[in-house]
Amino acid sequence: MILVAQVSDTHFDLGARNAERAARVLAHLSELRLPPAAIVHTGDITDAGKPEQYAQAARALRTELPLFVAAGNHDDRAALRADLLGTHPSDAPLNQAHRVGELTVVLLDSSVPGEPAGRLSVATYDWLRATLADGDGPVLLALHHPPVRVHSPIVDSIALADPAPLAAIVAGSGRIAGVLTGHAHSPISTLFAGKPLVVGPSTASVLRGAWELDAPDHVMDYAPDPGYALHLIDRAEDGGYRLVTHFRTVPAGGRISVQPD
Ligand SMILES: [Fe+2]
């Protein structure tokens, strides 16, 4: 069994609020009795892709735990590389595979520079097929944009365009335990190509659904505590892999808000 935490949509903007909320979740994760083997960030690390926002993110997100990050529509590939990852500031799609024990975390760059919606390039699909074919063990696939409609008044119009090739790859690989995304600022669970699809909550805000809005333009809710997802990857009875996900929020003070005091 492997434990992986997911944070998303931290939207570092040089202000204190979003930075404190993200740092609060990271501190909480690193203090768990069984800390996760890695933390996956499913994008929108910053609010505007500025180098100084990545520097702020680097300070707030740094713990003893391995951190893997995917680019979101609010990110800038070159600045993300230079100022968060400390690598060459290329504008090429940021596709990565990280091994954690027997698990491989595969992060796809679904961002399209200058566009809010997402798309995976032909080169990214080729890289993904080769990565899945090279090796064994379970895979967690992470990208920013959900490849399905999540019934969000904001996100559905800027989701992943043309997800059919991704669906074919996911359906055809026995290694993929599940698909993780961000973008929707809401903890969401559904299926994609027969595999679990989990949208991780944002640490910054909640994007409300149409059924719960008090006014059509009140979609962004800043009141809830920052949240995260904890994914457990284990063997399933049929010899494949099972993804089990728990969601938590972290109130000020760091205690898990499961029950009132
Ligand atoms: Fe976001």
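Only the coordinates and a few stated rules stand behind these numbers; no lab work does. The structure presented is a predicted model; accordingly, all values stated were derived computationally and were not measured. Quick reminder, even Gly has a Cβ in these numbers, built from the backbone with ideal geometry, and neighbours come from all protein chains shown.
Among the GluC sites (Glu not before Pro) within segment 1-104, those in coil by DSSP and having at most 14 neighbouring Cβ atoms inside 10 Å are E31, E64, E102. Charge dipole (Cα centre; +1 on Lys/Arg Cβ, -1 on Asp/Glu Cβ; no other charges) of the chain amounts to roughly 480 debye. What the Cβ-Cβ distance of T87 and H218 gives, at R0 = 41 Å and to the nearest 0.05, is a FRET efficiency of 0.55.
Within the chain, which whole H helices from DSSP have a Cα span along their axis of at least 20 Å and a mean Kyte-Doolittle hydropathy of -0.5 or more, if any? Passing helices, by number: 16-30. Going by C-beta contacts inside 10 Å, put T10, T87 in order with the fewest on the left. Least crowded to most crowded, the residues run T87, T10. Over all other residues within a Cβ to Cβ distance under 13 Å of A215, the charged ones net out to -3, with Lys and Arg as +1 and Asp and Glu as -1.
Tally the DSSP beta bridges in segment 1-114 and give the antiparallel ones as a percent, rounded to 5. Among the beta bridges of segment 1-114, antiparallel pairing accounts for roughly 40 percent.
Over all other residues within a Cβ to Cβ distance under 13 Å of T203, the charged ones net out to -2, with Lys and Arg as +1 and Asp and Glu as -1. Projecting the Cα positions of G15, L120, Q96 onto the charge dipole of the chain (unit charges on Cβ atoms of Lys, Arg, Asp and Glu, taken about the Cα centre) puts Q96 furthest along the positive direction. Each residue in Y54, Y222 was given a count of other beta-carbon atoms within 10 angstrom of its own, and listing them fewest first yields Y222, Y54. Mean projection of the Cα convex hull over all viewing directions, computed for the chain: 14.0 nm².
Loop-located trypsin sites (Lys or Arg not before Pro) across segment 166-261 with a Cβ neighbour count of 11 or fewer within 10 Å are R255, with loop assigned by DSSP. Sorting R81, R99 from the fewest to the most surrounding beta carbons within 10 angstrom yields R99, R81. Just the number, please: percent antiparallel of the DSSP beta bridges in the chain, rounded to the nearest 5. Taking every DSSP beta bridge within the chain, about 55 percent pair in antiparallel fashion.
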